[in-house]
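Scroll down for the structure; my scribbles are underneath it.
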Amino acid sequence: MDMMAVATIEHDAELMLRVREGDSQSFALLLAKHRTPVIHFLYRMIQNQAVAEELAQEVFLRVYRSRASYEPTAKFTTWLFRIASHVALNHIRDGKHERNQESLDQESDEGMSRQVASEAPTVEQMMVREAKFEEIRRAIQLLPAKQRAAVLMHKYQEMEYAQIAAALESSESAVKSLLFRAYETLRAKLAHMAGRE
Amino acid sequence: MNAKNNQCPMQNGNAEILLSYCARSLEAEQVAQIEQHLTACAECRAWAAEQQTVWAAMDAWEAEPVSADFDAALFARIASTEQPSVWQRWTEPVRQFLQGGLGWRPVLSAGALALTLVVALSIENPFRTEPVGQTVKLEAQEIEQAERALEDLEMLRQLEPPEEETSL
């Protein structure tokens, strides 16, 4: 890497380079910063909190194990979400995802109760929000895995097309196509929610 | 295609700008252009309204809080995988060499040691002893042979004529 590249290196990549040199404190900083977005991404992909955390452990373990060969060729978050996408898509491909669905309903109900409890809504509001939440969750769950990953990175991680493409190891045009198809499906399923609360 | 259609993202294959508008990721100048277009284009207006509904619905989907022991569990896993196995300890010099971390000398030493072991194991060991079972069997055979030889001598002696008779 030349001096120009070193000068413009982003902070996360700099921390990762320190991890490569054996600085475990820098790894703790990276973990503190990226733990929640990675777990939330995996949770929305798999829709099971316990499995999402288990997969997130795998993601950060892979990050740590890759420290010796790490080169800041891309933005750190792009590299991190490439690992996270791999782990999630492999998990879904291996069919483990379906086995987790049984516990999903119970878990989502618990999650919903937690969300609405803090805002003290009326029973009616609570039922409407529960139905809405369930509809959104189902609509996203029914998207093909790669479309789901693209939408989640675009919506919740606010990643650019190029970053999503790098994370999914696809071309930028393929990602745009994935996103348009995914949002088309979601619009068809969720557009009726306009003005509903 | 008229002038209005030339500016329409849906008509000129630039729908991603509408998506970016709904994602609120456009610069102020572009936002103003799109909003101006939306006042005149019903198709784009409907599309944007639906997309914004989806966007708002997705905003409502909050993720679960992360377990308090997540970091501790991760660091425990890292610590357990960081313990090198016997095999890793033996192959470490070769691994480091392949990664360019070491010079030739340790690898040559390791290679020489491995070669010596192979040669030593392949040649016959001069101090090798017979198995115990086989030794016992040989000893038994030798005793039996000695006994048989003594019996044969005794038999020959009995067959020989007495000395007095021959001298006569």
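The values are calculated or read from the model by the stated rules, or taken from the named source; none is laboratory data. These figures come from a predicted structure and were not determined experimentally. For neighbour counting, all protein chains shown are included, and Cβ atoms are generated from backbone atoms with ideal geometry for every residue, glycine included. Ligands, DNA and RNA are excluded from the accessible area calculation, which covers all protein heavy atoms including side chains. Shrake-Rupley method; radii C 1.70, N 1.55, O 1.52, S 1.80 Å.
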Being assigned to a helix (DSSP H, G or I), more than 11 Å from chain B (Cβ to nearest Cβ) and aliphatic (A, V, I, L, M) is the filter here; which residues of region A:129-156 pass it? A:Ala131, A:Ala145, A:Ala149, A:Ala150, A:Met153
Quick count over region B:43-82, residues being open to solvent by less than 60 Å² (accessible area, probe 1.4 Å) and farther than 30 Å from A:Arg35 by Cβ, is 7
Yes or no: B:Arg95 within 14 Å of another protein chain (Cβ to nearest Cβ), open to solvent by 80 Å² or more (accessible area, probe 1.4 Å), at pLDDT 75 or above and outside any loop (DSSP other than H, G, I, E, B)? no
From B:Ala63, B:Ala49, B:Ala68, which residue is under 50 Å from the mean Cα position of the chain (by Cα) and at the interface with chain A (Cβ under 8 Å from one of its Cβ atoms)? B:Ala63
For region A:37-49, check the following and say yes or no: at least one residue is open to solvent by 50 Å² or more (accessible area, probe 1.4 Å), free of Cβ contacts under 8 Å to residues at least 24 places away in the same chain and either among the charged types (D, E, K, R) or in a helix (DSSP H, G or I) (or both). no
What about A:Leu17, is it in a helix (DSSP H, G or I) and surrounded by 18 or more Cβ atoms within 10 Å (Cβ to Cβ)? yes
Residues that are of a type in the set (Val, Ile, Thr): which helices (runs of 4 or more DSSP H) entirely in region B:1-85 hold 3 or more of them? B:28-40
